[in-house]
1. So in the stretch 408-424, with the set limited to residues that are away from ligand 2 (no atom under 16 Å from the Cβ) and without any contact (Cβ under 8 Å) to a residue 60 or more places away in the chain, which one is surrounded by the fewest Cβ atoms within 10 Å (Cβ to Cβ)?
2. Could you please find all residues in the stretch 497-512 being in contact with a strand residue (DSSP E or B) (Cβ under 6 Å, 6 or more places away or on another chain), touching a residue at least 24 places away in the same chain (Cβ under 8 Å) and more than 15 Å from ligand 2 (Cβ to nearest atom)?
3. Which of the following residues is under 30 Å from residue 127 (Cα atoms) and either assigned to a helix (DSSP H, G or I) or more than 14 Å from the chain's Cα centre (by Cα) (or both): 174, 201?
4. Within the stretch 469-481, work out how many residues are surrounded by 13 or more Cβ atoms within 10 Å (Cβ to Cβ), at negative phi and either more than 11 Å from ligand 1 (Cβ to nearest atom) or without any contact (Cβ under 8 Å) to a residue 12 or more places away in the chain (or both).
5. If you check 374, 365, 354, which single one turns out to be under 28 Å from residue 326 (Cα atoms) and either within 16 Å of ligand 2 (Cβ to nearest atom) or modelled with pLDDT under 95 (or both)?
6. Residues being modelled with pLDDT of 85 or more and loosely packed, with under 12 Cβ neighbours inside 10 Å: count how many of those fall in the stretch 260-288.
7. Can we say residue 393 is free of Cβ contacts under 8 Å to residues at least 12 places away in the same chain and over 22 Å from residue 473 (Cα atoms)?
8. State all residues of the stretch 77-117 that are modelled with pLDDT of 70 or more, in a loop (DSSP other than H, G, I, E, B) and more than 20 Å from residue 43 (Cα to Cα); if no residue qualifies, say none.
Ligand code: ADP
Ligand code: MG
């Protein structure tokens, strides 16, 4: 007979807290079986546990003579002695298993077993979740009712430990799943491109993503109140974003657009209350979107202005022809009158050029391509402006350091481009200044030593109607850009305020096209 264990050891053995999850459950069951084997002086003990919700019970722990039971062995409810015990839920002693009618002819009985106790593992929630088999060899003392009375509460403990371990594993799996879902959500929010802040019911920050820190231009910390965040927002942004965030504190759903005139930045702010108090606030930088809408408005307005100016220019041109003819007659008169006639014709010519600019701006371009000699064109334009340059004290210099001065383009339009660039350069120059027009490899350069252009003005140069001159139209460069684009060329400006400006037209683009 095996050594009996003390009562104290037994209570330690059944400390179910030791079976806290499925891995520990295996260790716990093995140690419990060994303890029980010693307690009952049993030759073998095994535990079968129900597989999910099926009526299959799989071997989960074994010791002593039961070590011979193969791994993965299973029982079915209603079959054999253990199966009958599972079905009825009643513990039983089997004194002579070889003769038991439940086994005879059905399964291969174990010839080494003299008597056995079969005890169901029952929990209040799930009913029978397993079965405990305790056996003694032939020739050993048979199990008594007293043994069965002790085995029954032990089985209840084992059932509870198994049930706890399963619950614990279920909770662990749920926690792991929630953690994974949270991590996924965090990753999504972090890459949204929208700043997200989550606050509690009192307006204190609970969560945020990196984009929120970028938009609000500050580092956020957990527990900071929205009011503090607002007070740290930079300059003008403060008032517009503050207004929107303040509404969010009240926990109401709202959509707001904030705009800062000074930096021309715009934000779309959406706040939604959370079901258990607090709110999520999503802030998106929509500056580019707003700019695109404004640009679209501007283009629409320009199209309308274009139609109007074209109509007016057209109406002015007809009477101008009359004025010019009349002025030519007046010019033939002697003395002062003839001089007045010339002035009238010059002014009429200016007005006519202005009308041309307006009409060019309004009309779509149609180009008539031909092979052109740029040098010839430049020489002609330079001689046209010689007088204007002279009277402004400006020297015009035409240089050519490339033999290739031939391009394919529209003669009238290219003349117009050259005229605009050269006239602008003369107008920007100081008395004594120099304007150099050069034909270099693949490009035409018009350079002056004039006042230069401030950086922020450079962006506006090609915008229709942008002018800094008292009687300028602001259409010259806008038409130049239109013509250069239509030829598939490129125009570049570089300028140093106070020391001069350089316009370049690059012809290479056309070859690539
Ligand atoms: P306008 O000559 O009628 O003003 P443009 O479209 O030709 O219209 O030019 C727009 C503006 O660009 C000018 O008013 C001037 O401020 C600036 N600009 C153009 N060319 C030069 C230059 N070479 N140097 C300095 N400023 C220039
Ligand atoms: Mg001009």
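The values are calculated or read from the model by the stated rules, or taken from the named source; none is laboratory data. All values reported here derive from a predicted model rather than from experimental measurement. We place every Cβ from the backbone using ideal geometry, glycine too, and count neighbours over all the protein chains shown.
1. Result: 412.
2. Initially, the stretch 497-512 is screened for residues in contact with a strand residue (DSSP E or B) (Cβ under 6 Å, 6 or more places away or on another chain), giving 500-507, 509.
With touching a residue at least 24 places away in the same chain (Cβ under 8 Å) added as a condition, the list becomes 500-507.
Within the stretch 497-512, 500, 502, 504, 505, 506, 507 qualify.
3. Working: 201 fails: under 30 Å from residue 127 (Cα atoms).
Sole residue among the options that is under 30 Å from residue 127 (Cα atoms) and either assigned to a helix (DSSP H, G or I) or more than 14 Å from the chain's Cα centre (by Cα) (or both): 174.
4. Residues of the stretch 469-481 surrounded by 13 or more Cβ atoms within 10 Å (Cβ to Cβ): 472-481.
Of the ones still in play, those that are also at negative phi are 472-473, 475-481.
So of that shortlist, the ones also either more than 11 Å from ligand 1 (Cβ to nearest atom) or without any contact (Cβ under 8 Å) to a residue 12 or more places away in the chain (or both) come out as 472.
Residues in the stretch 469-481 being surrounded by 13 or more Cβ atoms within 10 Å (Cβ to Cβ), at negative phi and either more than 11 Å from ligand 1 (Cβ to nearest atom) or without any contact (Cβ under 8 Å) to a residue 12 or more places away in the chain (or both): 1 in total.
5. Values: 374 fails: under 28 Å from residue 326 (Cα atoms); 365 fails: under 28 Å from residue 326 (Cα atoms).
Criteria check complete, one pass: 354.
6. 1
7. Working: free of Cβ contacts under 8 Å to residues at least 12 places away in the same chain: no; over 22 Å from residue 473 (Cα atoms): yes.
No; evaluated as a whole, the condition is false for this residue.
8. 77, 78, 79, 89, 90, listed by residue number.
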